[in-house]
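Notes follow the structure.
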Amino acid sequence: MDHKAPKFKESPSQTAGPYVHIGCTPNFSGIGKVWAEDLGARMKTGPVQGTEIEIRGIVYDGTGTPLRDAMVEIWQADAAGLFPSPGETRGDADPNFTGWGRAASHMDTGEFYFDTVKPGRVPFHDGRLQAPHISVWIVARGINVGLQTRIYFDDEEDANAEDPVLSALEHKVRLPTLIAKSQGKNSYRFNIRLQGEGETIFFDV
Amino acid sequence: MTKSPNPPGYMVRDRARHPKALTPSYKTSVVRSPERAMIAFPTSIGENTGPVFGHEMIGPNDNDLVINWAEPGQMALGPRIIVRGRVLDEHGNGVAGALLEFWQANAGGRYRHKKESYLAPLDPNFGGYGRTITDENGGYEFRTVQPGPYPWPNGMNDWRPAHIHFSLFGHAFAQRLITQMYFDGDPMIWQCPIVDTIDSKEAINSLVATLDMSQALPMDARVYTFDLVLRGQRQTFFENRWEGL
C-alpha cells in the first residue's frame, strides 16, 4: 500500500473580506465595466426542465444581525438529478441549466436570492440515494474559511427520512437548520445562522 | 462491499493548515464563527463536480487591470506588475481550466467599493478586478499595479499588508477556495491580524508571492510568481458500503 502524504498542501484560506463584490459581483456593486454580467447571476439560459423554484434567505451572525456583506454560492443537480459538469458520467444534464448560482446579500436587508429548479435525487458515495438538496458555500468578512452547508426541502419528508447525511446526524434537534421552508408558490426560505441558538449545521466535506 | 461507479472523491481538507473559525484578534470573526463541530462525510458526486467556465467567456482585457477599467488611452497609476504562476492540485498536477477571479485596492490602498471609507483617493482609471482561466498546464497570468497597504477598522493601528484577493474554481465544488496573495519582503505581513489567523508560518509563506526579475518585462512590469494549490482527489476507486446503515 502507498501511504505517502500528498506532495502539495492546499493553499490556506483567507477571508473574502468586505469587498468580495469587487471581484465576484462587480455589476451588482455598481462598478461593472469589464464584463456585462456577473458570473452565477443566471442559472437558467433557456426553458428548463422540472419545477422552477426560488430560494430566499438571510445569513445571521451570533447577535442575530443580518450579514449585509455575505456572498452565497450554490451548486446542484438539475431536475433529473444530473450535474451539468464533465464529472457527470450518468447522462446529459439539462442544457439550459447551469447548476451554479452566486448571490451577494442585499447591502441593506441582507437577503440573498436564487432563481433555480428543484433538484432531483443523486447518489451518495456508496450508492444510496440522497434526498433532493443543494450544496451551499458561504463567504464574508469575518469568515476565515468558506462555510459549507446544504439546503434540503420541507416537502420531501420521505426522501429526507432516508437521506444518508440527514439520517446519520446525532443531534436531530439541529436537523431543521438544513431544511428550506416552503412559502407556497414554489418559493422557499432558507436562513443561515452562523453562531449561537439555532446555529446551522456546517459540513466538512 | 460494492464498488462505486463514481470517480474517487476528494481528500479531506487539512483543517490544521487553514485558519480556525474563531480568531479573536480578527474581531469580526468573533460573532461570525460557528461554535459547533462541523459534520464530516465523504464527498460524493455533488461535491466531486462543479461548474465549468470556458475560455470563450474571457474578454481580451479581463486579465489586464492596468487598462481594463481605464478610459481609452489611459492607464492605472502605480508600480506595474505581472502576477503569474500555476494552479496545482495536492498531487502536484496542473489544474487546467480553473477560473481565477482577483480583486485588490489601488496603488494608494483604496478599494473601489461603496462601503469603503479610507481617505486615500480612487484612481479614475482603476477598477481593481479581473479574471482568467488556466491553460492546459494550470498556468495563469495577469497584469496589474501593486496594491498599497491600508489601515482598517480592527485595532486602532491595524494595517493590511499589500495583497490581492483570489477566488478559485477547480473541477469540483469541493475545491472551492478564496484566499489572498501577499508580497515577499513586506514587513506588514507579520503584523496583520488576518494573516495571523493562519497558525503555520510555512502555510503563511505559501501565500507570499516571490519577485522574479528574470521574467520582468523590460521597461514595463516586474513579475511576481504565485502558485496556488487546490484539494486533490483520492487515488482509489474502492468505496466501503456502510452495512446496516
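Here are some notes:
- Meets criteria (under 30 Å from residue B:132 (Cα atoms) and either more than 7 Å from chain A (Cβ to nearest Cβ) or among the aliphatic types (A, V, I, L, M) (or both)) for residue B:21: yes
- Residues of region A:179-205 that are part of a loop (DSSP other than H, G, I, E, B) and of a type in the set (Lys, Arg): A:185 alone.
- In region B:58-79, of all residues being surrounded by fewer than 18 Cβ atoms within 10 Å (Cβ to Cβ) and under 20 Å from the mean Cα position of the chain (by Cα), the one that is farthest from residue A:100 (Cα to Cα) corresponds to B:61.
- Residues located in region B:156-173, provided they are over 17 Å from residue A:15 (Cα atoms) and touching a residue at least 60 places away in the same chain (Cβ under 8 Å): B:170, B:171, B:172, B:173
- Criterion violated by residue B:136 - all others in (1) within 12 Å of another protein chain (Cβ to nearest Cβ); (2) assigned to a loop (DSSP other than H, G, I, E, B); (3) touching a strand residue (DSSP E or B) at 6+ places or on another chain (Cβ under 8 Å) satisfied: (1)
- Of the residues making up region A:162-192, those that are more than 14 Å from the chain's Cα centre (by Cα) and modelled with pLDDT of 95 or more number 20.
- Within region A:120-160, considering residues that are in contact (Cβ under 8 Å) with a residue 60 or more places away in the chain and more than 8 Å from chain B (Cβ to nearest Cβ), the one surrounded by the fewest Cβ atoms within 10 Å (Cβ to Cβ): A:120
- The residues of region B:195-239 that are within 9 Å of another protein chain (Cβ to nearest Cβ), surrounded by fewer than 20 Cβ atoms within 10 Å (Cβ to Cβ) and assigned to a helix (DSSP H, G or I), listed by number, are B:202, B:203, B:204.
- Index of the failed condition, residue B:85 passing every other in (1) part of a loop (DSSP other than H, G, I, E, B); (2) among the small types (Gly, Ala, Ser); (3) at pLDDT 95 or above: (1)
- Selected residue (criterion: nearest to residue A:145 (Cα to Cα)) from residues of region A:161-197 that are loosely packed, with under 14 Cβ neighbours inside 10 Å and touching a Ser or Thr at 6+ places or on another chain (Cβ under 9 Å): A:161
The values are calculated or read from the model by the stated rules, or taken from the named source; none is laboratory data. All values reported here derive from a predicted model rather than from experimental measurement. So basically every Cβ, Gly included, is an ideal-geometry build from the backbone, and we count neighbours across all protein chains shown.
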